[in-house]
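Q: Okay, handing you the structure first.
None of the figures in this text is laboratory data; all of them are computed from the coordinates on show. None of these values were measured; they are calculated from a predicted model. Glycine also receives a Cβ, built like all others from the backbone with ideal geometry; neighbour counts cover every protein chain displayed.
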Amino acid sequence: MSKKLTKNKKKYRDKISHNKKYSLEKAIEIIKKTNFVKFNASVDIAICLGIDPRLPDQMVRGSIKLPNGIGKNTIVLALVDQERELEAKESGADYVGLDYIEKIKSGWTDNIDVIVATPSVMNKLSILGKILGPKGLMPNPKMDTVSTDIKKSIEEFKYGKVFFKSDRYGIIHSSVGRISFSNQHLLENIKEFMRKIIQSKPSSSKGSYIKNVCLSSTMGSGSVSLDIKNFD
């Protein structure tokens with residue numbers, strides 16, 4: 001099986017020109033043709049930004065609800081007061097309640113993807129900053145994980161709302177769907193994601209903002225560079 005996979009990868013890798021910029025439609029076709037894994041692979045985007053990642057005011061971060069979700073069950077922990085626990089459970093949260101604060105202090109985060117909280121409990125979470133911060137799980141108003149409308153927040157993240165944040169190299173990495181998605185659904189997700197990134201350009205960033213955009217799939221045959229004119 002591994003030998004066949006290697007032959008397939010080599011066959012299609014030679015067809016991807018790393019000096020060429022592809023249209024979004026063509027790139028999606030290539031990603032699908034060069035995917036050979038048997039599981040429902042993630043389709044990922046990498047965006048190289050013309051920012052100075054050393055400057056705090058040029059960090060690009062936020063969240064976006066993609067029109068077709070990401071094809072993944074997002075595990076949500078809701079840290080809310082007791083009177084809102086039922087609302088959080090009915091909204092789809094997998095774990096609910098302030099009892100989880102003590103569990104987190106003991107090292108528990110299980111397979112949590114997102115932690116949402118109401119503003120009223122944030123003063124109780126400050127002790128968790130050193131644990132949740134490095135994992136990217138600390139509730140933050142800028143990431144829409146601190147909200148008075150806890151029902152809306154939970155439902156959006158369960159549906160497939162995603163976070164994005166530029167890394168120390170000024171690159172944003174994110175999933176934009178699954179290989180099983182139709183070409184049209186992937187197209188819609190990618191365009192919406194890029195629209196949000198463009199809207200998030202820091203006012204202090206000068207010159208070319210979007211430098212390079214690539215698509216790839218989990219264990220696929222390489223990344224495909226996109227023509228940034230796709231997003232004018």
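Q: What percentage of all Cα-Cα pairs in region 146-232 are separated by more than 21 Å?
A: On the way: 1541 of 3741 pairs.
More than 21 Å apart: 41 percent of the Cα pairs in region 146-232.
Q: To continue, here is another question. Of Pro202, Leu187, Ile228, which is farthest along the charge dipole of the chain in the positive direction, counting Lys and Arg as +1 and Asp and Glu as -1 at C-beta?
A: Ile228
Q: In addition: Calculate, for Ser208 and Lys65, the FRET efficiency according to 1/(1 + (r/R0)^6) with r their C-beta to C-beta distance and R0 22 Å; round to the nearest 0.05. Each step should come with its number before you reach the end.
A: Details: r = 28 Å, r/R0 = 1.27.
FRET efficiency, Ser208 to Lys65: 0.20.
Q: Just add up the charged neighbours of Tyr169: K/R +1, D/E -1, any other residue whose Cβ is under 14 Å from the Cβ of Tyr169. Don't skip to the end; give the middle numbers.
A: Working: positive: Arg54, Lys165, Arg168, Lys211; negative: Asp52, Asp167.
For residues surrounding Tyr169, the net value is +2.
Q: Also: Write down the Å³ per residue value for the convex hull defined by the alpha carbon atoms of region 76-158.
A: On the way: hull volume 6.7 nm³, N = 83.
Each residue corresponds to 81 Å³ of Cα convex hull volume.
Q: Please compare each pair in Lys105/Lys152; Lys38/Lys191; Lys103/Lys124; Lys89/Lys196 to a cut-off of 22 Å on the Cα-Cα distance and tell me which ones are over it.
A: Lys105/Lys152; Lys38/Lys191; Lys89/Lys196
Q: What per residue convex hull volume, in Å³, comes out for region 109-156 when only alpha-carbon positions are used?
A: Details: hull volume 3.8 nm³, N = 48.
Normalising the Cα hull of region 109-156 by residue number yields 79 Å³.
Q: Take the Cα coordinates of region 134-179, assign each an equal point scatterer, and use the Debye formula without solvent to give log10 I(q)/I(0) at q = 0.31 Å⁻¹.
A: So the normalised log intensities are -1.21.
Q: What net charge is computed for the residues neighbouring Asp110, neighbours being all others with C-beta under 13 Å from the C-beta of Asp110, Lys and Arg scored +1, Asp and Glu -1? List each step's numbers first, then the result.
A: On the way: positive: Lys103, Lys135; negative: Asp94, Asp113.
Result for the neighbourhood of Asp110: 0.
Q: Could you give the nm distance between label points at Lys229 and Glu102, where each point is 7 Å from its Cα heading toward the beta carbon?
A: 6.3 nm
Q: Between Leu98 and residues 5 or more places away or on another chain, which pairs have amide H atoms under 5 Å apart, with H built 1.01 Å from N, and which residues are they?
A: Under 5 Å from the amide H of Leu98 lie the amide H atoms of Val80, each far enough along the sequence or on another chain.
Q: Okay, moving on. Figure the gain on full extension for Asp149 and Lys20 (residue separation times 0.36 nm, minus the Cα-Cα span) and round it to one decimal in nm. Let's see the in-between values first.
A: On the way: separation 129, 0.36 × 129 = 46.44 nm, distance 4.56 nm.
Once the chain is fully extended between Asp149 and Lys20, it gains 41.9 nm.
Q: Subtracting the Cα-Cα distance from 0.36 nm times the residue separation, let me have the gained length for Arg195 to Gln82 in nm, one decimal.
A: Details: separation 113, 0.36 × 113 = 40.68 nm, distance 3.83 nm.
This chain segment gains 36.9 nm when fully extended.
Q: When averaged across all projection directions, what area in nm² does the alpha-carbon convex hull of the chain cover? Walk me through the numbers on the way to the answer.
A: On the way: hull surface 57.9 nm².
With every direction weighted equally, the projected area is 14.5 nm².
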